[in-house]
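Below: the structure, in structure tokens.
The values are calculated or read from the model by the stated rules, or taken from the named source; none is laboratory data. Owing to the predicted nature of the structure, the values given are computational and were not obtained by experimental measurement. Note that we place each Cβ from the backbone using ideal geometry, even for glycine, and neighbour counts take in every protein chain shown.
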């Protein structure tokens, strides 16, 4: 029984990793903050990537592709750029300072990078950067729910609220669901939640808050899978009371 559950978790985790290409990424926690041409890190850094990193409690938003920034130079308005779009490769084009890789940076980190880029033209440049448009946070629910799919994460929401948003559990759903959260370094954290206990007031602390990019998988009842292959016909006797 334990080996079957372990195999099931591995299969669903693989599905989650593969499904990320089908949905727009709200937060990309594992994006590198350096440009693609930088040298490789030391072997010590490589080994650290082999372990999950503790999740940041209140993570700042990180710049993504197609985000739109506004750059204002209070003392040098000739360099103002009211609308700068992050290109598919993660770079932005700066007036008089060339291209700069900003994907994966927070706004404070982006300000520091832009100041450094303009330090060749300006003495201790002062720049204000505003995020005009950005990728909306989302979550995904699939499996045995009324309306599986991707939904906007517009406010603080728990797992049970997310399932309700997706149409609630279907008649064929199990009450044990799986929450998948993408962490640092490409790791995926999987957590099994027992909705029956939560809805009956037990272990309510397990009804955790959703994070951008989280995915909920609601599996099908084992007995439902079995009944699909039970031969119904003349002369077939089935004791439906067992189900």
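If you go through region 144-156 and keep only what is surrounded by fewer than 17 Cβ atoms within 10 Å (Cβ to Cβ) and at pLDDT below 90, you end up with 152, 154, 155, 156.
Taken over region 140-185, the criterion of being free of Cβ contacts under 8 Å to residues at least 40 places away in the same chain, touching a helix residue (DSSP H, G or I) at 6+ places or on another chain (Cβ under 8 Å) and assigned to a strand (DSSP E or B) is satisfied by 151, 179. Within the bounds of region 73-84, is there any residue that is loosely packed, with under 14 Cβ neighbours inside 10 Å, modelled with pLDDT of 80 or more and assigned to a strand (DSSP E or B)? Taking every residue of region 73-84 in turn, at least one turns out to be loosely packed, with under 14 Cβ neighbours inside 10 Å, modelled with pLDDT of 80 or more and assigned to a strand (DSSP E or B). The set of residues in region 97-119 being surrounded by fewer than 13 Cβ atoms within 10 Å (Cβ to Cβ) and within 14 Å of residue 76 (Cα to Cα) consists of 119 alone.
Select from region 123-143 the residues that are over 21 Å from the mean Cα position of the chain (by Cα) and buried (at least 17 other Cβ atoms within 10 Å of the Cβ) and write down the one among them that is farthest from residue 212 (Cα to Cα). Going through the qualifying residues, I end up with 125. Just one of (1) touching a strand residue (DSSP E or B) at 6+ places or on another chain (Cβ under 9 Å); (2) surrounded by 15 or more Cβ atoms within 10 Å (Cβ to Cβ); (3) modelled with pLDDT of 85 or more fails for residue 197. It is (1). Quick check: anything in region 116-125 farther than 30 Å from residue 202 by Cβ and in contact with a strand residue (DSSP E or B) (Cβ under 6 Å, 6 or more places away or on another chain)? So far as region 116-125 goes, yes, one or more of its residues are farther than 30 Å from residue 202 by Cβ and in contact with a strand residue (DSSP E or B) (Cβ under 6 Å, 6 or more places away or on another chain).
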